[in-house]
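Only one structure is covered here, and it is reproduced in the block below.
The values are calculated or read from the model by the stated rules, or taken from the named source; none is laboratory data. All of these numbers come straight from a predicted model, not from anything done at the bench. Neighbour counts are summed over all protein chains in view; Cβ atoms, including those assigned to glycine, are modelled from backbone coordinates with ideal geometry.
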Amino acid sequence: MGMGAFLLLYSVLIAVFAPSLLIRLTHRGNAPRLGVAAWTTAIAGALASWITGAALLAVELSHAIPASGAGVVGSCLRWLRELAGDGVAVGVQIGLLASASAAAAVVGWRLVRGLITTRRRTHAHARDARLVARRVRGVDALVLDAGERAAYCVPGRPSVIIVTSSALEALGAHELDAVLAHERAHLNGHHPQLVAVLRVLAETLPRVALFSAGAAEVSRLLEMCADDAATRIHGRSALLAGLIALAGSGPAPAEGMGATSVAVLDRAGRLAASLPAPDRGRARARLAAASVLLALVPALMAGAGAMWCPPVVL
């Protein structure tokens, strides 16, 4: 078994088994930044392994590298040719390259189209908000006259933070500052862009649990990351009170990230109950180990694939 086959095997194993493991490790939000790192490492690793594995396997089967050459790859290719024979190898090559090219074209087109559409919508929403919303002295955001209590951010040129007039009436000064700090943390961390990529990927491959669950869990964890950034400046009680005041007002527009759009109850419980330091340390250690393992496994499997090839014949 060559490196390409090992990388394809890894991508399948990660797509099947990683979601349940990562949900158990990250769902409580004990270390949200490391949780985001673990999920994105798994998703990026699966995609990279699919692409690299398919490319290597295609090269091996298509005889792009002379089978009479020396080295580990040459030995693997000679072994594959002896097992399959030229006729079978050509048939496998044509089928593999045709199916891989078709799948890559369809998935790539859907991803690009989805990202372009999402970017166009978010920028249009930000532009429209700047036209219809107003500035209020002492409020570091655009105020939109609306009956629903909402605060959310939208990436654009420039990006904007929007708070409705009803939310402005419901929030005290400290609560408003905490909620706006939460939204600024999203924009400073480029959270909307990451969520947009993951959502488009999940829509493109909806039956792959790694992508669908990853988009949902990363959205939750990014809200917790923004919570932590806001509480470092304004404290837990101010942000918790702000979330409670805005709760139940409905989700933010699809183009933005709202303070109360995702996992409000989980986040409120997390803000109300401080996790002991030893538990936080254990959570960080587990997630750091998971991220390192997810990053190293492709290299280890590729190395194992090289070791399993027959001895080099010069």
- request: Take the residues in the range 58-80 that are of a type in the set (A, V, I, L, M) and buried (at least 23 other Cβ atoms within 10 Å of the Cβ), then tell me which one is modelled with the highest pLDDT.
  value: Leu61
field: Pair list, Cβ < 7 Å and 6+ apart or interchain, from the range 158-177 residues that are part of a helix (DSSP H, G or I) to residues that are surrounded by fewer than 17 Cβ atoms within 10 Å (Cβ to Cβ) and of a type in the set (Gly, Ala, Ser)
entry: Ser165/Ala146; Ser166/Ala146; Ser166/Gly147
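Report, by residue number, each residue of the range 266-280 that is acidic (Asp, Glu) and surrounded by 14 or more Cβ atoms within 10 Å (Cβ to Cβ).
Looking only at the range 266-280, we keep the residues that are acidic (Asp, Glu), and these are 266, 279.
Listed by number, the list holds a single entry, Asp266.
For the range 250-275, which positions are assigned to a helix (DSSP H, G or I), without any contact (Cβ under 8 Å) to a residue 24 or more places away in the chain and among the hydrophobic types (A, V, I, L, M, F, W, C)?
We begin by selecting, within the range 250-275, every residue assigned to a helix (DSSP H, G or I); these are 264-272.
From what's left, without any contact (Cβ under 8 Å) to a residue 24 or more places away in the chain: 264-265, 269.
Matches in the range 250-275: Val264, Leu265.
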- prompt: Looking at the range 230-239, is at least one residue crowded, with 17+ Cβ neighbours inside 10 Å, in a loop (DSSP other than H, G, I, E, B), in contact (Cβ under 8 Å) with a residue 40 or more places away in the chain and more than 14 Å from the chain's Cα centre (by Cα)?
  reply: no
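Quick one: would you say Leu205 is closer than 25 Å to Leu271 by Cα and modelled with pLDDT under 95? Quick ask: steps written out before the conclusion?
On the way: closer than 25 Å to Leu271 by Cα: no; modelled with pLDDT under 95: yes.
Judged against the criteria, Leu205 is not a match.
Can we say Val107 is at pLDDT below 85, surrounded by 15 or more Cβ atoms within 10 Å (Cβ to Cβ), part of a helix (DSSP H, G or I) and within 26 Å of the chain's Cα centre (by Cα)?
On the way: at pLDDT below 85: yes; surrounded by 15 or more Cβ atoms within 10 Å (Cβ to Cβ): yes; part of a helix (DSSP H, G or I): yes; within 26 Å of the chain's Cα centre (by Cα): yes.
Here the answer is yes, as Val107 does meet what is asked.
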- prompt: If you take the residues of the range 246-265 that are loosely packed, with under 13 Cβ neighbours inside 10 Å and of a type in the set (A, V, I, L, M, F, W, C), which of them is nearest to Pro32 (Cα to Cα)?
  reply: Leu265
Flag if Ala283 is surrounded by 13 or more Cβ atoms within 10 Å (Cβ to Cβ) and under 18 Å from the mean Cα position of the chain (by Cα): no
